[in-house]
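Student: One structure follows; several queries about it will come next.
The values are calculated or read from the model by the stated rules, or taken from the named source; none is laboratory data. The structure presented is a predicted model; accordingly, all values stated were derived computationally and were not measured. The protein model used for the area step is the full one, side chains on, heavy atoms only, and it has no ligands, DNA or RNA in it. Shrake-Rupley method; radii C 1.70, N 1.55, O 1.52, S 1.80 Å.
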Amino acid sequence: MVLTGEMRRSRPAWEDTARRAGLVPWANVTRRTRLLVAADPDSLSTKARTARRYGVPVVTEDGFERLLAATDRARADRAAVDAGGGALSA
């Protein structure tokens, strides 16, 4: 994943959050990039233009937070099922 633009949170804070979620932050968009988090999803920055050209999804900070939250819920659900709890979060 790659970050671009002036974010509400600092870049190091976002990178730390991404790493804790198992993602690898990179400085530049390449064909291997799977997600661009942009302060402005309509940006005409080089990173945003490259991401669009390569078909990389561009999400806002809020969208990225929702993706991370959904990932956390899915991990918790899997752990509960693996532990024999069988209950899934709503």
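Student: In the range 24-49, which residues are among the hydrophobic types (A, V, I, L, M, F, W, C) and over 15 Å from Glu61 (Cα atoms)?
Tutor: Val24, Trp26, Ala27, Val29, Leu44
Student: Across the range 14-30, which residue is least open to solvent (accessible area, probe 1.4 Å) among those that are farther than 12 Å from Val2 by Cα and assigned to a loop (DSSP other than H, G, I, E, B)?
Tutor: Only one residue fits best here, namely Ala21.
Student: Go through the residues of the range 37-46 one by one and say whether even a single one is assigned to a helix (DSSP H, G or I), open to solvent by less than 30 Å² (accessible area, probe 1.4 Å) and at pLDDT below 95.
Tutor: No, the conditions are met nowhere in the range 37-46.
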